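Participant: One structure is given below, represented as structure tokens, and several questions about it will come after.
The values are calculated or read from the model by the stated rules, or taken from the named source; none is laboratory data. It should be emphasised that the depicted structure is a prediction, and the values quoted were computed from it without experimental measurement. Cβ sites come from the backbone with ideal geometry, for glycine too, and all protein chains shown count toward neighbours. Only protein heavy atoms, including side chains, enter the accessible area calculation; ligands, DNA and RNA are left aside. Shrake-Rupley method; radii C 1.70, N 1.55, O 1.52, S 1.80 Å.
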Amino acid sequence: MNLVLVGLNHRTAPVELRECLAPPEPEIPRRLQEAMRLEQVREVLMVATCNRVEVLAAGEDGDPLAEQLTRWLADGAPVRPAVLKESLYVHQGHEAVRHLFRVAASLDSLVVGEPQILGQIKEAFRTAAEAGASRSVLNRLLHKTFQVAKKVRTETRIGSAAVSVASAAVDLARKIFDDLAGRKALLIGAGEMAELAAEHLLGHGVNRVMVANRTLSRAVELSERLGGEAMGLSGVADVLAEVDIVITSTGSPEPIITRRLARAALRRRRGRPLFFIDIAVPRDVEPKVGELDGCYLYDVDDLTEVAEAGRQSRAAEARAAERIVESEVVKFMNWLAGLRAVPTISALTAKAEAIRIAELNRTLRDLGQSEGPQAQAMDRLTRSLVKKLLHDPILFIKGGERGQDHRSRRAQREQLAMVRRIFNLGQEPED
Amino acid sequence: MSTALHWLALAFYLGATVVYLAFVISQRRGFFRMGRLILWIGWVLHTAAIAVAWVELGALPAASLRQSLDLFSWAIVGSALLLNLRLAIMVLGALAAPLGVVAMLAASVLPPAVQAPTPVFKSLWLTLHVATVMGAYGLLAVTCLGALLYLLLDWRIRAKKLGPLFKRLPSLSLVDALNHRALLAGFTLMTVGMITGAVYAQLVLGSYWRWDPKEVWSLITWLLYAALLHTRLVSGWRGRRGAWLAIAAFGVLLFTFIGVGLLMPGYHSFDAFTTVGGGQP
């Protein structure tokens, strides 16, 4: 069994490309089932967030699987293959495992240590499991992933000092408004990330947060938690003249804040600046809004710049986290390799056991003693003889599994075949 | 006495410029505090130099371009220091100190006035006129610096590259508050300056307004600043447009202050003062 991960993230691709490849959430189960019909794919999982799209699949052969997966991911997206190729990364085997661990542990995040990504991967796993796309290998891998993420979180301080996107946004707001006391914020869309940003703003003196959402009930729910007021999306145009900071995170395919809307608001604001933070994919604020006099617009990619400083200060914590990831990758790869050797090992032990039982029974019959202390002693003797004789061959089979790229994978296959020939175990069963 | 104080003040301004530069480069608060202290000492010395000259001459030393530039330098540094008391914009000194040095150096290379000031120079109205206009010039120079700072900040925020320098720059709203106050105070003083000037002209020359080139350019400058204030208060031009207009207006102000006197003949030009005054004892 081999693992392949194909994806793109905030570092390799601009937000426009990421949104092209990220299917809307309800579409994901259908896409997964589509992927499952691919010849090479045995199991598959898809993580699509505003910062990344990752597809992880388990299958027999690495290279053709990677190729099929890439083609499938690009299928239907209005992107030129050449452009896509530059933005995609493809990891196989232990590299795929490491990448997944790093992503889940938030080491690969826009803001290292931000807590959302783990929840998003759990959600992706649930979706895949429900769609029947995650089976023994991915189940095991994802459970391991959650353990690793938890371990990194508890054993390093990477998350506790989380200078998240939210606090980066707060820093920027303070560059524009100086003191945030008495300022008002507006959340458009009630995403998890937006809530976090709003909490940060409230913690830095913003005195009121309004929430606008397509479904009013969700807005009411969130605004009650934040102690603000709720409204439908139609109310946005009116309150733009009052608020100072706008955080958008809707799933709307069309921009909510158009240039015209922002201009009208600015006129009524008498030039008081307006700060837009767009953490939605696709974008909620037209890019042209950021060119208006008195309007400042930051989207997810722009916040990278601000997050950069936080990343460096936590370099030591990140190194500790990387070490945890590294040792867990080795453990998982051993398990995965063991998985391949399992049929051979069980065939070998089964054969040895069959020989032992047959020979033991014949000898006992010849001696006329099927019960008693002598029979028990002989049973122990044969058992330990077999165990000791098989110990080294089994170690050899397992040891051959340590190889991780597909070349030593081929070597491993040859080793297994050799063991099967030596012990006359027959052909390796196809799985 | 006043000359010695003058050079000493200039030395302190230069020192403050260097220390402020070190502050901008290293971003260490210690340099800022030191620079501010040196600038304050320089300004107090400068004030003393002007006071001594005033006593020696018996009139506000503003008869020549040399003396006026010296007053201008004093007004710029003073405006920046006083506004800094209320608004914690640390880099303001780093901008005002070199500007003060330039104005003071320019004053130093010009020839000193040869003639003693005539009695008309001792008029209270003229003193008021010169003092308010100089105060206005200083404040409006700070407005121009603030506008430049605003443009720099706006540009950095839009470029989305927040370097280490950016961290210590003030916030946009603080710079906006500076521009607002400096403009409001500067415009008020300028208006008072024009009124006192007109009253003085009526007393000395017999008419409030003579369409002399300096007067015409002053009116243009005043109208520009009135427009700047109007657009800011009514239309909300606080952003880039307001900043560019503030810089343009200051350019016109500088021309009114220095260029008109040098290029266009008229009773207001610095050399003509003594002769006009001499004609009307």
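Participant: Can you work out the PRE-style zone for B:V102? Point 7 Å along Cα to Cβ, and I want the residues of segment B:140-160 with backbone N under 19 Å.
Facilitator: Under 19 Å, as judged by backbone N against the label point of B:V102, lie B:140-153 of segment B:140-160.
Participant: Straight-line reach only, C-alpha to C-alpha below 28 angstrom: list the lysines that A:K288 could link to, leaving out same-chain residues fewer than 8 apart.
Facilitator: A:K175, A:K184, B:K160, B:K161, B:K167
Participant: Suppose R0 equals 30 Å. What FRET efficiency, 1/(1 + (r/R0)^6) with r the Cβ-Cβ distance, do A:D238 and A:K150 give to the nearest 0.05?
Facilitator: Plugging the Cβ-Cβ distance into 1/(1 + (r/R0)^6) gives 0.10.
Participant: Same structure, new question: May I ask you to derive the relative contact order of segment B:2-279, considering only C-alpha pairs under 8 Å and at least 6 residues apart, and to give it as an integer percent? Write out the running numbers ahead of the final one.
Facilitator: Details: 361 pairs, mean separation 52.6, N = 278.
Relative contact order, segment B:2-279: 19 percent.
Participant: Helix A:373-399 against the longest principal axis of chain A: what's the angle in degrees, Cα atoms only, rounded to the nearest 10?
Facilitator: 50
Participant: Quick check for you: with a 1.4 Å probe and neighbouring chains kept, what is the accessible area per residue of segment A:2-161, in Å²?
Facilitator: 41
Participant: Can you compute the FRET efficiency between A:E322 and A:S252 using 1/(1 + (r/R0)^6), with r the Cβ-Cβ distance and R0 = 35 Å? Round to the nearest 0.05.
Facilitator: 0.40
Participant: What number comes out for accessible area per residue over segment A:165-303 if the probe is 1.4 Å? Units Å², please. Walk me through the intermediate numbers first.
Facilitator: Details: 5380 Å² over 139 residues.
I get 39 Å² per residue for this part.
Participant: Taking the Cα centre of segment A:335-422 as origin, sum charge times position over the Cβ atoms of Lys and Arg (+1) and Asp and Glu (-1), and report the length of that vector in debye to the nearest 20.
Facilitator: Once rounded to the nearest 20, the dipole reads 420 debye.
Participant: Ok, one more. Measure nothing fancy, just the Cα-based angle from helix B:92-109's long axis to the longest principal axis of chain B, in degrees from 0 to 90, nearest 10.
Facilitator: Value to nearest ten degrees: 30.
Participant: Hey, another quick one. What is the distance in Å between the Cα centres of segment B:162-230 and segment B:12-65?
Facilitator: Between the Cα centre of segment B:162-230 and that of segment B:12-65, the gap is 23 Å.
Participant: Tell me, what ³J(HN,Hα) does each residue in segment B:201-217 have, in order and in whole Hz, if you take phi through Karplus 6.51 cos²θ - 1.76 cosθ + 1.60 with θ = phi - 60° and put x for Gly and Pro?
Facilitator: 4, 4, 5, 8, 9, x, 9, 6, 9, 10, 6, 5, x, 4, 5, 5, 5
Participant: Oh, and also: Quick one: which bits of segment A:253-293 get at least 10 Å² less accessible when the partner protein chains are in, versus the chain alone, with a 1.4 Å probe?
Facilitator: Buried by 10 Å² or more upon assembly, which counts only protein chains, are A:R270, A:G271, A:R272, A:P273, A:G290, A:E291, A:D293.
Participant: Determine ³J(HN,Hα), in whole Hz, for all residues of segment A:54-71 in sequence, where each value follows from phi through the Karplus function 6.51 cos²θ - 1.76 cosθ + 1.60 and θ = phi - 60°; x replaces Gly and Pro.
Facilitator: Computed from phi, the couplings for segment A:54-71 are 10, 10, 10, 9, 10, x, 6, 10, x, 4, x, 5, 4, 5, 4, 5, 4, 4 Hz.
Participant: What's the magnitude of the charge dipole for the protein assembly as shown around its Cα centre, counting Lys and Arg as +1 and Asp and Glu as -1 at the beta-carbon? Answer in Debye, nearest 20.
Facilitator: That gives a dipole near 880 debye.
Participant: Could you work out which residue, out of A:D392, A:D244, A:D366, moves most in a Gaussian network model of chain A, that is, has the largest mean-square fluctuation with Cα springs under 10 Å?
Facilitator: Largest GNM mean-square fluctuation: A:D366.
Participant: Further question on the same structure: Under 19 Å from the Cα of A:K388, which lysines turn up, not counting those fewer than eight places away in the same chain?
Facilitator: Once the sequence-local lysines are set aside, what remains near A:K388 is A:K351, A:K398.
Participant: For chain A, take the longest principal axis of its alpha carbons; what is the angle in degrees between that and the long axis of helix A:116-130, to the nearest 10 within 0 to 90?
Facilitator: 60
Participant: Before we go on, tell me the buried accessible area for the B/A pair, both chains summed, 1.4 Å probe, in Å² to the nearest 100.
Facilitator: Roughly 1800 Å².
Participant: Here's a follow-up. What average count of beta carbons from other chains do you get within 10 Å of the Cβ of residues in B:151-158?
Facilitator: 3
Participant: Hey, another quick one. Label 7 Å along Cα→Cβ of B:T191; segment B:223-260 residues with amide nitrogen under 16 Å?
Facilitator: Label zone hits: B:223-234.
Participant: I've got another one for you. Could you provide, to the nearest whole Å², the per residue accessible area of segment B:190-241 with probe 1.4 Å? Spell out each step's value before the answer.
Facilitator: Numbers: 2590 Å² over 52 residues.
Accessible area per residue, segment B:190-241: 50 Å².
Participant: Once you have a ≥ b ≥ c as the square roots of the Cα gyration tensor eigenvalues for segment A:165-303, tell me rounded if a/c is under 1.5, and otherwise prolate or oblate according to whether a/b is larger than b/c. Could you put the intermediate results ahead of the total?
Facilitator: Working: a/c = 1.27, a/b = 1.08, b/c = 1.17.
Note, shape of segment A:165-303 comes out rounded.
Participant: Can you give me the % of accessible surface on segment A:27-71 that is carbon or sulfur? Probe 1.4 Å, all protein chains present, nothing else counted.
Facilitator: C and S fraction of accessible area: 45 percent.
Participant: Round to the nearest 0.05 the FRET efficiency obtained for A:S384 and A:A354 when R0 = 22 Å and r is the Cβ-Cβ distance.
Facilitator: Taking R0 as 22 Å, the efficiency between A:S384 and A:A354 is 0.80.
Participant: Under 19 Å Cα to Cα from A:K387, which aspartates and glutamates show up? Leave out anything in the same chain fewer than 8 places away.
Facilitator: By straight Cα distance, A:K387 reaches A:E353, A:E359, A:D379.
Participant: Could you identify which residue out of B:L85, B:L110, B:L174 has the top mean-square fluctuation in a GNM of chain B using Cα springs shorter than 10 Å?
Facilitator: B:L85
Participant: Find the relative contact order for segment A:173-311 and round it to a whole percent, using C-alpha pairs within less than 8 Å whose residues are 6+ positions apart. Provide the component values of the computation, followed by the final result.
Facilitator: On the way: 265 pairs, mean separation 29.4, N = 139.
Taking the mean separation of contacting Cα pairs over the length of segment A:173-311, I get 21 percent.
Participant: Find which of A:C295, A:A166, A:P255 sits farthest along the positive direction of the dipole of segment A:165-303, computed with +1 on the beta-carbon of Lys and Arg, -1 on that of Asp and Glu, about the Cα centre.
Facilitator: Ranked along the dipole, the leading option is A:C295.
Participant: For segment B:2-279, what does the alpha-carbon gyration tensor say about shape, rounded, prolate or oblate, given a ≥ b ≥ c as the root eigenvalues, a/c under 1.5 as rounded, and a/b over b/c as prolate?
Facilitator: Oblate, since a/c reaches 1.5 and b/c is not below a/b.
Participant: Out of all DSSP beta bridges with both ends in the protein assembly as shown, state the antiparallel percent to the nearest 5.
Facilitator: Around 50 percent antiparallel, to the nearest 5.
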